[in-house]
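A short reminder: the numbers here are calculations on the coordinates, not readings from a lab. The shown structure was predicted, so the numbers you read here are calculated from the model rather than taken from an experiment. Positions of Cβ are generated from backbone atoms using ideal geometry, with glycine treated the same way; all protein chains shown enter the neighbour counts.
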Amino acid sequence: MEIKPVRLSYPSYTSSDRDFFDSSNNLKMSGYNRQGNRSAPAKSDNRIKHTNVGSRSDWKPNLAKNDACLDGSSCSQNNKSSVTDAASDVKNIKPIPISFDDDGNSKKVKQLGDKSETDGDDNGRLNHPVFDICPKKVSSVIKLKAPLHVLNKEKRNQSKQSMKGQNIIILGPGMVLMKGYISSVDQISIVKTCRELGISDGGFYQPGYSGGTKLHLQMMCLGQNWDPETRTYSELREFDKSKPPVIPEKFHEMVKKAIVDSNEFIRGNAVSSDERKVFPSISPDICIVNFYTKSGRLGLHQDKDESDASLKKGLPVVSFSIGDSAEFLYGETRSIDEADKVTLESGDVLIFGGKSRLIYHGVPSIVPDSAPTSLMEATDMRAGRLNLTFRMY
Ligand SMILES: O=C(O)CCC(=O)C(=O)O
Ligand SMILES: [Fe+2]
């Protein structure tokens, strides 16, 4: 049997990342330090590779003149040539296959020649470690169901919350939060659908940058692929040439209905003329599905890679939260200190468009074990949070 060499899109280092940093945590190669070492490339030059070797565990980005980085670290546009150098340095580092531990982090190191889930298939397509959001629990311990009164209380709370117009909050002009909007039945169905899509072609993977830094989440795109490194959309996913699954019809219906219901609320409740502007309807052609484990997070950023026309019209981004709650920051600047905070719970729908279309937002932390017990029992979802953001290019 022919064994193909393992190729990976994002190199992992063969030895501990520590080797590449000196005692002050500066990168040894190419003279980079932990600041200003990566940039989101300008739209006109997607070939520029940027790398991010520093700040991997830091949440707080360097706010001065930097662009937003999704891993929560700093980016700078100032270092184009250095950035390219770093990318070619990285090419010389032998890539190794990766796998995931129960927390969603890459862990397993396999040697070249091991036939593994990361090998290419016979058509030259590249595989990647499968990330199953609902792994079957292999346990000899019999799992006890949550007590009935706990499940009943959750049910009562959810039906209270999902009563039409009950729990909708206008966070600002063009920003509406619908608490507990998605019914528990629909939450379960979304988890099951995302699980199936997530373990199939084009499913979940842990995105990263050519420098080796990875985002602290698992991601899958529906409709079109979005590449966090080049910040561009495409038909196929570059690293394994997979085609993103289509957005299920049921998701389209839910997005449409959420916009209609939020507009009805806005019409009846907005106080200022700015707030009174309703959302245009969208037929989303992109959905980014993120799965955060309890250590997951996402740096402050803007969703601004859609077409100029879409951004100009302020076509809304519609975001579904399922599972564990998330602390969600949002604000007009990239300053964490100035950002407002809201907790997004299971079943919440957040819509931001119009004046808030380019709002900075991010997820600094996940609230562990805060998901509804009934959801976890019905789906066997691993601990964490599922988030779907729908956009129209
Ligand atoms: O997880 C969230 O609530 C936000 C996700 C997000 O901002 C994104 O995918 O662009
Ligand atoms: Fe976003």
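Brief remarks follow.
- The 3J(HN,Hα) values that the Karplus relation (6.51, -1.76, 1.60; θ = phi - 60°) gives for segment 267-282 are, in residue order, 4, x, 10, 5, 9, 9, 5, 4, 6, 6, 5, 8, 7, x, 6, 10 Hz. Gly and Pro appear as x.
- Segment 209-313 - Debye-derived log10 I(q)/I(0), Cα point model, q = 0.13 Å⁻¹: -0.66
- Order by protection proxy (mean Cβ within 10 Å, highest first), peptides 302-309, 214-221: 214-221, 302-309
- When each of the peptides 238-248, 331-341, 290-300 is scored by how many other beta carbons lie within 10 Å of its residues on average, the order from highest to lowest is 290-300, 238-248, 331-341.
- Among 310-320, 383-393, 269-279, the order from most to least packed when residues are scored by Cβ within 10 Å on average: 383-393, 310-320, 269-279
- Exceeding the 23 Å Cα-Cα cut-off - candidates LYS214/LYS294; LYS250/LYS304; LYS256/LYS277: LYS250/LYS304
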